[in-house]
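*Asks:* Let me give you the structure first, and then I'll get to my questions.
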Amino acid sequence: MSLYDHPVTPLTRGRILAAAVAMADHEGLEAVTMRRIAAALGVHVTSLYNHVNTREAVSDGIVEVLFEEADLPLEPLGWEAWVRRFHTAMGGLALRHPGAFAILMRRPVQGPRAAASFEVALAAFREAGLEAQDAYGAVKIAVHTALTAGLERSQEAQGPSPETDIEALPATDFPQFHTLRGIEDPSMSWDFGLETVVAGLRAQIAERATR
């Protein structure tokens with residue numbers, strides 16, 4: 001090596017996915033392409049294919065990275081504790097990665113950490129008395145609710161979202177809409193959604209116990 005040579009950071013799947021996540025957070029998921037990732041890393045696009053061979057592979061990798069970072073419940077615990085922990089984890093993840101978070105709604109679960117957490121959840125619901133199919137349904141609705149709420153939180157983190165123009169609606173025809181004026185606390189709907197899911201699951205578990 002001469003005095004003018006500089007060490008080159010090896011290209012790895014981890015570096016590629018980190019660049020993809022950063023790009024998604026700053027510019028949105030649609031901005032993440034193989035060519036743009038290559039340009040950000042200072043390599044030729046063909047170099048990426050040794051590590052991620054398609055854009056879908058990059059998307060799945062982003063899902064894996066996000067779930068690896070999230071504070072997912074991994075130890076055995078009750079179903080309600082799992083639901084609350086997962087909900088909180090998704091809320092934090094949405095704020096840290098507002099641009100990338102939406103990928104969790106588009107791609108399947110990826111990575112050993114996510115799979116391990118969902119295994120814990122399935123076991124918890126089975127322990128509560130649900131059959132396998134119902135346990136899967138319970139996990140699915142809990143995850144879907146957390147991701148939907150997280151998506152809204154991620155959008156709020158990126159700036160104000162368009163809202164219904166309540167003032168344009170006649171108060172005499174839409175009195176309930178007008179009661180919503182001035183309600184601006186996102187945490188209210190976040191907490192209400194979580195408690196609604198927990199209450200619904202609790203009722204379903206109790207109902208099935210009487211069969």
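Just so you know, all these numbers are worked out from the coordinates, no wet-lab data involved. Model, not experiment: these values are computed from the prediction. Every residue, glycine as well, gets a Cβ built from its backbone with ideal geometry; the counts of neighbours run over all protein chains shown.
*Asks:* Are there DSSP H segments in the chain that both extend 15 Å or more along their axis (alpha-carbon positions) and score a mean Kyte-Doolittle hydropathy of at least -0.5? List them, or say none.
*Replies:* 13-27, 55-69, 79-96, 112-127, 132-157, 186-209
*Asks:* Now for a different question. Quickly work out the R107-to-A81 label distance, labels modelled 7 Å from Cα along the C-beta direction, and quote it in nm with one decimal.
*Replies:* It works out to 3.2 nm between the two label points.
*Asks:* Same structure again: What number, in percent, do you get for the relative contact order of segment 13-209 if the mean sequence gap of Cα pairs under 8 Å and at least 6 apart is divided by its residue count?
*Replies:* 21
*Asks:* While we're looking at this one, here's another question. Charges at C-beta only: +1 for Lys and Arg, -1 for Asp and Glu. How large is the resulting dipole of segment 1-89 about its Cα centre, in Debye rounded to 20?
*Replies:* 280
*Asks:* Where in the chain lies the longest segment free of GluC sites (Glu not before Pro) that are both loop residues by DSSP (not H, G, I, E, B) and have at most 11 other Cβ atoms within 10 Å?
*Replies:* Of all site-free stretches, the longest is 1-130.
*Asks:* For segment 13-105, what does the alpha-carbon gyration tensor say about shape, rounded, prolate or oblate, given a ≥ b ≥ c as the root eigenvalues, a/c under 1.5 as rounded, and a/b over b/c as prolate?
*Replies:* Judged from the Cα gyration tensor, segment 13-105 comes out prolate (a/c at least 1.5, a/b above b/c).
*Asks:* Give me the one-decimal nm value for the distance between modelled label points at T172 and H26, 7 Å along each residue's Cα-to-Cβ direction.
*Replies:* 5.5
*Asks:* At 0.36 nm per residue, and after removing the present C-alpha to C-alpha distance, how many nm does the segment from E195 to Q133 gain when stretched out fully?
*Replies:* Result: 20.0 nm gained on full extension.
*Asks:* Order by neighbour count: I141, I62, fewest other Cβ atoms within 10 Å first, most last.
*Replies:* Starting with the residue having the fewest Cβ neighbours, the order is I141, I62.
*Asks:* Kindly provide the chymotrypsin sites (Phe, Trp or Tyr not before Pro) of segment 47-130 that DSSP labels as loop, not H, G, I, E or B, and whose Cβ sees at most 15 other Cβ atoms within 10 Å.
*Replies:* Here the sparse-neighbourhood loop sites are Y49.
*Asks:* If you don't mind, there's one more thing I want to ask. In the chain, if the dipole is taken from +1 on Lys/Arg beta carbons and -1 on Asp/Glu beta carbons about the Cα centre, which of L194, L17, V139 is farthest to the positive end?
*Replies:* My answer, from the dipole projection, is L17.
*Asks:* Per the helix-only calculation at 222 nm, which mean residue ellipticity applies to the chain, given -39500 (n - 2.57) for every DSSP H run of n ≥ 4 and division by its residues, nearest 500 deg cm²/dmol?
*Replies:* -20000 deg cm²/dmol
*Asks:* Using a simple spin-label model with points 7 Å from Cα along the Cα→Cβ vector, what separation in nm is obtained for E156 and R36?
*Replies:* For E156 paired with R36, the spin-label model returns 2.7 nm.
*Asks:* Between H44, G99, V32, whose Cα lies farthest towards the positive end of the dipole of segment 1-104 when Lys and Arg beta carbons carry +1 and Asp and Glu beta carbons carry -1, centred on the Cα centre?
*Replies:* About the Cα centre, the residue reaching furthest to the positive side is H44.
*Asks:* According to the square roots a ≥ b ≥ c of the eigenvalues of the Cα gyration tensor, what is the shape class of the chain, taking rounded for a/c under 1.5, prolate for a/b larger than b/c otherwise, and oblate for the remainder?
*Replies:* oblate
*Asks:* Dipole magnitude of the chain about its Cα centre, charges +1 at Lys/Arg Cβ and -1 at Asp/Glu Cβ only, in debye to the nearest 20?
*Replies:* Approximately 700 debye in magnitude.
*Asks:* Charges at C-beta only: +1 for Lys and Arg, -1 for Asp and Glu. How large is the resulting dipole of segment 122-209 about its Cα centre, in Debye rounded to 20?
*Replies:* Value, rounded to 20: 440 debye.
*Asks:* Contact order normalised by length for segment 51-116, with contacts defined as Cα pairs under 8 Å and 6 or more residues apart; what percent is it?
*Replies:* That works out to 51 percent.
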